[in-house]
1. Which of the pairs B:K35/B:K71; A:K81/A:K111; C:K62/C:K253 have their Cα atoms more than 19 Å apart in this structure?
2. Using +1 on the beta carbon of Lys and Arg, -1 on that of Asp and Glu, and nothing else charged, what's the dipole of segment A:177-385 about the Cα centre, debye to 20?
3. Please list the three semi-axes, largest first and in whole Å, of the ellipsoid equivalent to the protein assembly as shown, using sqrt of 5 times the eigenvalues of its alpha carbon gyration tensor.
4. Among B:D157, C:D125, rank each residue by its count of other Cβ atoms within 10 Å, from fewest to most, as a rough exposure measure.
5. Looking at segment C:12-65, which chymotrypsin sites (Phe, Trp or Tyr not before Pro) are in a loop (DSSP not H, G, I, E or B) and have at most 16 other Cβ atoms within 10 Å?
6. Can you put C:M246, A:M338 in order, fewest other beta carbons within 10 Å first?
7. Please determine, in degrees from 0 to 90 and to the nearest 10, the orientation of helix A:247-277 with respect to the longest principal axis defined by the Cα atoms of chain A, where the helix direction is its Cα long axis.
8. Hey, which of these cross-link pairs are over 27 Å Cα-Cα: B:K47/C:K257; C:K30/C:K74; C:K96/C:K319?
Amino acid sequence: MNNLEGSGDERRFNLFGIRKKNIESGLKDEYQLLTVRQLMIRKFLRNRMALLSFIALVIIYAVTLFAGFFAPYTARDADSKLTYSPPMAIRLQDPETGHFHLPFFYPLRGKRNMETFQLEYVEEREERIPIQFFVKGEPYTALGIIVWDVHLFGSSDPAERLHIMGSDVRGRDLFSRIIYGGQVSLSVGIFGVLITIAVGSVIGTLSGYYGGVFDNVVQRLIETIRSFPQLPLWMALAAAIPPQWPPEWVYAGIVVVLAFINWTGLSREARGLVLSLKERDYVHAAEASGASTARIVRVHLIPNMASHIIVTATLAVPVTILGESALSFLGIGVRPPMVSWGLLLNDAIKIQNIVLYPWTLFPGLFILVAVIAYNFLGDGLRDMVDPFSR
Amino acid sequence: METVLEVDSLKTYFYIEQGVVRAVDGVSFALQAGKTLGIVGESGCGKSVTSRTIMRLLSPNLARIVAGSIKYYPAEGPPIELTQVDPYGDQIRDIRGNEIAMIFQEPMTSLNPVYTIGQQIMEAILLHQDVSKEEARERAIDVLRLVGIPLPERRVDQYPHEFSGGMRQRAMIAMALSCNPRILIADEPTTALDVTIEAQILELIQQIQQDNHMALIMITHDLNVIGEVADHVIVMYLGQVVESAPVDDIFDNPKHPYTQGLLNSLPMIGRDKRLEPITGSVPGPHERPRGCPFAPRCPQVMDVCRAESPPRFVLGPASDVACWLYDETIEVGHDPG
Amino acid sequence: MTPAEKAGADAILEIQDLRLHFPIKAGLLKKTVGYVKAVDGVSFDVYAGETVGLVGESGSGKTTIGRCIVRLYKPTTGSMHFRTEAGPVDIAQLDKRELLPIRRDIQMLFQDPNSSLNARIRVGDIIAEPLEIHAIGTADERRSRVEDLLEQVGLGAEMFNRFPHQLSGGQRQRVGVARALSIEPRFVICDEPVSALDVSVQAQVLNLLADLQEELGLTYVFIAHDLSVVEYISDRVMVMYLGKLMETAPTRKIFEKPAHPYTEALLNSIPKRAPGGHRKRFVLTGDIPSPVNPPAGCVFHTRCQYAVEICRTETPPLKPLPEDPETSVACHLAEEVTLQPYYTAEERRNLESSRA
């Protein structure tokens, strides 16, 4: 490459060339010092799946938060003429003429098959019913205060209902019910994990910091809880919720039941972190200056644990969502009139329903997407927390 | 003198998220059989990356040999250009461990905890030599005895955690020696050890080197160790060799201001003089100086130093220095001689 | 003049028979099955204004003693009388609240500046932490004190808002020094403060410590494994082995006239340049024994080349040499064996003249 070596004279001879080369390469600054935060953000952005999942979750949560707006109907809006109607196709092209139109659909008409006695639906192609955006419909309450009646989209004819994901046994729009059900399923994940963080990190921190008898008792308790199979334990606890409680209370009860197992994992994580952090010299330095335990926990332990706790918590959310779905699917979770994805999936509990009305599995798809997205997000966050690894 | 290894203007750069790190940026030296080359420098000077480049241990995804050559001269046959061999290929595997062996700083992380010491030594022997398992075991016991491990017949079946720190380093050395390598690279072999154990290990390495007429590269930050074992020394700073000279010259007549600064910073027993540290600290990769890497900390810095990197000026048959003070065509404020 | 005389024989700290035994717990019920005798009967005095070097290999208990003095550990038995304005206080058995005022006087400097600074806190807040804990001054006063300290340790007030990872290793250790000095202690335990640093930076920190000692009249206990560093900074050296003191003597005497075979072995182990050839030296064999089951008798006898029968059975007490009371040795043979020094007095004169 360059001529640095060789005899001394030769080296002098080549000096000029070397100088030129060094000046050229010395001018551009190839290395930039990134702050930890910059490194973390870069690391996260480079993980495509995590980024995608994050965006997906933001969209899903936004939709469920403004469920009334995004859902064309309310969760209880039923139509007895359209029970178990299949998903209706949204069309842009007239199948007969081949002309393009604004989005429209053909209404379904039910006819009983006299051999099987099943209700069979056929499209009635006489009239195109346009799909209208920002259509006025059933009034709803957004964010608990604003009463409004505009929906993102819907049938322009109130008499002809649009079920893009089909309907259920009472002719309620499944898509709308999924959006409303997401409110419960997704918030159970968040609230369950908040309880998990609060209980798990406090107990874990104390148990790691003080050790001794308290630690011993807590660890044995955690081992006991974790040695039960998860689902039966949840079921047993959920069954203990009094049936006469109002649905909101049951919801809270389910959140607590789900957090009851999850806190143990987080508490172990926190304990392990504290055990390693409390041997750091900066903690020793604070102790040698006479810092109180509260100060050490607040100033030195919590900020250094926070990122790890957030990762663990993110990965605990899908577990909680699955737990709620499982319980509701089995009929011991949230109760009607509340809706959740697991409860909706309960319609698919019979094998013949899956065969006849396969769209009742749609809620499962939403559970799948949410759970996978949370797992990818947790993975991405885990990479991000340790920005110096590669 | 028989040259066994020749490194010529070697440059190894790392390509990471933040940009390019020029870990090794122009290193040249020649290694003779039976002699010890000391590589000394502070953290981040590229001394370990140099040794890992020679062994081709760096992942090609991360580190690239940008320029230069590493010629290994086998006992028979033509020289091998190590920069050209496939880092995962058979050729380097035959050389690694067999002809060029390496001892690392931290023996605990270099030994696999789930295999016995004997299994790990035998693996190296079986890989490189055509011997039976029994013969390999005999040889493993022999090398353990050679490195001074008591009761080698019993120790051979023990796991690394049953060895103390010093014993582990001995086992590492035994493993490195198991195939009679022609070159031994010792990367900070005593840094993690206590001073009495360090003395044992240094004695041992030197003893074995003399007995086997091995070439030794001793990489360390400790000038005292260099002074004890090395024949020839290269001083590295920010990936470059700033001075290369026989060991006595380095200590008695250091030429480069950095070498002089290092010696003045070193507490020496019996010298009742205040230390004269080099000012500042080793710059990070983001603040790499443009000209001479040492210019920002150099007490004798001149304008030319800040603008251009100095070439190596030959001062004697075995010594050269990369410092503009030794360019006779430049008027220097004081006499460098 | 000896350091003790220099300080008017004013012991700022008197340690008597200090022991710290860590219990080893095993089994489901965490039963104590043995003890790690980290510090096992150590007595010494530290005089105001001096620097005492504490050397030994890993496992010798030198760091544990340091941590006992700052009371990160509570000693098992023994007393540590620290001189305060109200007279000597035995800090060995004080509880957390009683210790608080003492902690203003005794601070510690840690080995690894990477782990001794909390990466999530700004440099200024790190240095201010001891001031906050002791509720000294208002926020503004603390800030100006921290800025003064930053200047004093050679960093400059503009470092106030940096985070530790934005600093070099040497700068981080200066932050550590500033934190230790923020509440104006009189007594600082320096636990290997330069061993994690590069040679050039190590010299800067050593000089800084020496200057600050002169300026502020500090007393140092300087824990290190590097004998050349200890020789540079200390007035007196104490040599430890397996939780016990082997020898204490003025620094120069340790190197010119070692009195304990272990000291001799340590000196012999120091890598040293031998111009024109290979150095012949004797090398200590074996490893430091486990502190769980230290050898009976003299703890060093298993590796001592001079050991005789009595060394295996009886523990030698640390006592002053009759001909040289400044040196105390724990060896049965202290008056009988002649030990090899690091250099002779003559060699030392040559060294000094050649370096001058």
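1. Working: B:K35/B:K71 17 Å; A:K81/A:K111 10 Å; C:K62/C:K253 21 Å.
As for pairs spanning more than 19 Å Cα to Cα, those are C:K62/C:K253.
2. Details: 12 positive and 11 negative charges, 34 e Å.
So the magnitude is around 160 debye.
3. So the three semi-axes of the protein assembly as shown are 66, 39, 30 Å.
4. Values: B:D157 12, C:D125 17.
Neighbour counts put them in this order, fewest first: B:D157, C:D125.
5. Values: sites: C:Y35, C:F44, C:Y47; in loops: none.
Those that pass, being in a loop and sparsely packed, number zero.
6. Values: C:M246 28, A:M338 20.
If I rank by nearby Cβ atoms, fewest first, I get A:M338, C:M246.
7. 10 degrees
8. Numbers: B:K47/C:K257 38 Å; C:K30/C:K74 21 Å; C:K96/C:K319 35 Å.
Going by Cα-Cα distance, B:K47/C:K257; C:K96/C:K319 fall outside the 27 Å limit.
Each reported figure results from applying straightforward, stated rules to the coordinates on display, with no laboratory input. Just so we're clear, the structure is a prediction, and the values are computed from it rather than from any experiment. Counting neighbours? That spans all protein chains shown, and the Cβs are built from the backbone with ideal geometry, glycine included.
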